[in-house]
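Working notes for the structure below.
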Amino acid sequence: MANATTVRMTTRRPPILLSDSDHGILLGLAASAARRNPDAARLLLEEADRADLVPAGRLPPDVVALGSHVTFTDVAAGTTRRVQLVMPAEADIGQGRISILSLVGAGLIGLRAGQSIDWPVQDGRLRRLRVDAVMAG
């Protein structure tokens, strides 16, 4: 079953863009979180591995980066949220700050406004996340 899910996800993952500095941070976080949160760490590594990299100063402003404020829609649920993507120690869901190591955070990183991704949620189902707007942190 996991293979079918992986195949479906691979065909629905749009191209992503990361700054070289965010890429290094993501690799370090994923490695350190592999025991505590193996699913999110694995997904984060997969995203980091497939990303196109640019120098931090050349990342377009409409790309989700660490520190970005993101408005996104869960297409199936029809819900829209505005969050800031932060380091794990800064996460506070009540304040709208989600960790890059959360499943949603790992799914949003590197996407541009207008892009969607089919991404797993806690129960293993896929949901489509669409980035509606990105504002710098």
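Evaluated on the stretch 1-127, the Kirkwood hydrodynamic radius is 14.8 Å, with distances taken between all distinct Cα atoms. Report the one residue of His69, Gly107, Gly24 whose Cα lies farthest in the direction of the positive end of the charge dipole of the chain (charges on C-beta: Lys and Arg +1, Asp and Glu -1; origin at the Cα centre). Of His69, Gly107, Gly24, it is Gly107.
Take the chain with all the other protein chains still there, run a 1.4 Å probe, and you get 52 Å² of accessible area per residue. Between Ile25 and Val75, the FRET efficiency estimated from the beta carbon spacing at R0 = 25 angstrom works out to 0.30. Calculated on the Cα set of the stretch 29-100, radius of gyration then Dmax: 13.6, 36 Å. For the stretch 1-127, a simple Cβ point-charge model (Lys and Arg +1, Asp and Glu -1, everything else neutral) yields a dipole of about 240 debye relative to the Cα centre. Computed over the stretch 89-132, the P(r) curve from all C-alpha pair distances, binned at 5 Å from the origin, holds 5, 22, 26, 26, 18, 4 percent per bin. Farthest toward the positive end of the dipole of the stretch 7-137, out of Ser116, Val86, Val54, is the Cα of Ser116, where the dipole comes from beta carbon charges about the Cα centre.
The values are calculated or read from the model by the stated rules, or taken from the named source; none is laboratory data. Small disclaimer: the values here were computed from a predicted structure and weren't measured. As a convention, Cβ positions derive from the backbone with ideal geometry for all residues, glycine included, and neighbour counts pool all protein chains shown. Remember, those area values only see protein heavy atoms, side chains included, never the ligands or the DNA or RNA. Shrake-Rupley method; radii C 1.70, N 1.55, O 1.52, S 1.80 Å.
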